[in-house]
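Notes for the one structure printed next.
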Amino acid sequence: MSGKANAIAAYSRVANTETNPLQQVVMLYDGAIKFLRLAANDIEAGDLAARAAHTNRALDILAYLQSILDFDRGGEVAPTLNLLYLSVTAETLRAGARRDKAMMLRAAELLVPVRDSWASNAAGPAALPRVSAPVATVALT
């Protein structure tokens, strides 16, 4: 099984074991942020193999998040998230090619506010007033 197939299988396991779809999305963001930060540390350490592995894992998560966007029911947010994922992907690829730790960290930090919005929504109705933007409808099938 290829690396990408392994990653997709892992995400499917998460989707099948968690009951809250919003929490599943938060977990995916957490993974992408974690792997981008690890890749930044790998750049600093000069570990090209680890940087490639961590970057690829982050890119797989971003591709998965992009693939589950529901453009029919997601309103204005789905295209906005799509642009975010494209931007973070491009920033990640540039950071890897340039071996630029700061750029890789910037890619991770672009995801943090959106992750926090998903987390607020996943916390339930009491947390909804804290959310400043609507959330796209996501189908995790």
Among the residues of the stretch 26-44, what is the count of those that are out of contact with any Leu (no Cβ under 9 Å at 6 or more places or on another chain) and hydroxyl-bearing (S, T, Y)? 0
What pairs come up if the first residue lies in the stretch 11-31 and is under 11 Å from L65 (Cα atoms), the second is of a type in the set (F, W, Y) and at pLDDT below 90, and their beta carbons are under 8 Å apart, counting only those six or more places apart or on different chains? L28/Y11
Scan (1) under 14 Å from the mean Cα position of the chain (by Cα); (2) at pLDDT 95 or above for the single condition S117 breaks and write down its number. (2)
Would you tally the residues in the stretch 42-83 being among the acidic types (D, E) and over 30 Å from R98 (Cα atoms)? 3
Which numbered condition I61 fails, given (1) over 25 Å from G124 (Cβ atoms); (2) modelled with pLDDT of 95 or more: (1)
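The values are calculated or read from the model by the stated rules, or taken from the named source; none is laboratory data. This structure is a prediction, so every number in the text was calculated from the model and none was measured. Virtual Cβ from ideal backbone geometry, glycine too; neighbours counted across all protein chains shown.
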